[in-house]
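S.K.: Got a structure here, written out as structure tokens. Questions coming.
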Amino acid sequence: MPKFVFLWTDAVLWALVAGLVAYGWHVARSPNLRRSWAKVAQDPTGLCAGLVLALFALVTMADSVHFRRALPPAPGAPADAPVYYATQAQSLLDLLLARPLSMRETDYSAPLAVVGFTKQAIERDGQIVRDHPRLQFGGAHLKDPATEHLPDLLGRAAVGAAGPWSACWWARRSR
């Protein structure tokens, strides 16, 4: 079971959320405020702004719930041994973004690169050579990056470029 950690910034944020919930309850009970907010909900600009703010608020709230993971018991520890927790606090947002965060490369400089920027000592055919290492995640689906990298980039660029144009064409066709 994780141990929840309460930071003062989180307390301020959740107090703000509680205040907004109380204001929403007040608006629901007041006919004048309900009419005013109904006008905002009917305005496309106001509705889009509210949606963007709501998405930012959800991300912020997910990042404001902090906890420390329970560490596994030491080998040979009795069953009633106390539970120890990690020293680093994590948030719910960290859990949601765990996979992308774990896929960080240690060294690259070019967008869409498949090899590292700095040369390192790597083993190739039983020999230690100094060369640019293959990135662990960038272009991992390519068997031979030297020959497949450019066609892969061009194909993905074509699909990306066709996406918006095909959507525009479809919208004009359906009018």
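S.K.: What value, in deg cm²/dmol to 500, does the helix sum -39500 (n - 2.57) over DSSP H runs of n ≥ 4 give at 222 nm once divided by the residues of the chain?
M.R.: Working: 6 runs with 92 residues, N = 175.
Helix contribution divided over all residues of the chain: -17500 deg cm²/dmol.
S.K.: To the nearest 20 Debye, how big is the dipole of the chain about its Cα centre, given +1 on the beta carbon of each Lys and Arg and -1 on that of each Asp and Glu? Show your work: numbers first, answer last.
M.R.: Numbers: 18 positive and 13 negative charges, 191 e Å.
Here the size comes out at about 920 debye.
S.K.: Shifting gears a bit: Please give the Cα centre distance for the stretch 1-29 versus the stretch 37-63, rounded to the nearest Å.
M.R.: Centre-to-centre (Cα) distance: 17 Å.
S.K.: While we're on this one: Restricting things to alpha carbons, tell me how big the stretch 1-102 is in terms of Rg and Dmax, in Å.
M.R.: Cα radius of gyration and Dmax of the stretch 1-102 are 20.5, 67 Å respectively.
S.K.: On to the next question. Kirkwood Rh, Cα Rg: Rg to Rh for the chain?
M.R.: 1.14
S.K.: Another question about this same structure. Write down the Å³ per residue value for the convex hull defined by the alpha carbon atoms of the stretch 106-160.
M.R.: Working: hull volume 4.9 nm³, N = 55.
Spelled out: Cα convex hull of the stretch 106-160, divided by residues, is 89 Å³.
S.K.: Based on DSSP H assignment, which helices of the chain show an axial Cα extent of at least 15 Å together with a mean Kyte-Doolittle hydropathy greater than or equal to 1.6?
M.R.: On the way: long enough: 8-29 (32 Å, 0.93); 31-42 (16 Å, -0.97); 44-62 (27 Å, 2.00); 145-173 (41 Å, -0.11).
TM-like helix candidates: 44-62.
S.K.: Could you point to the residue in ILE128, PRO72, LEU33 farthest towards the positive end of the chain's charge dipole, with +1 and -1 charges on the Cβ of Lys/Arg and Asp/Glu respectively?
M.R.: So the residue furthest toward the plus end is LEU33.
S.K.: Can you tell me the FRET efficiency between ALA81 and SER102 if r is taken as the Cβ-Cβ distance and R0 is 30 Å, rounded to the nearest 0.05? Before the final figure, lay out the partial values.
M.R.: Values: r = 30 Å, r/R0 = 0.99.
According to the calculation, E is roughly 0.50.
S.K.: So what is the accessible area of the chain per residue, in Å², with the probe set to 1.4 Å?
M.R.: Working: 14170 Å² over 175 residues.
Heavy-atom accessible area per residue stands at 81 Å².
The values are calculated or read from the model by the stated rules, or taken from the named source; none is laboratory data. Computed from a predicted structure; not experimentally measured. So basically every Cβ, Gly included, is an ideal-geometry build from the backbone, and we count neighbours across all protein chains shown. These area figures cover heavy atoms from the full protein model, side chains too; ligands, DNA and RNA do not enter into them. Shrake-Rupley method; radii C 1.70, N 1.55, O 1.52, S 1.80 Å.
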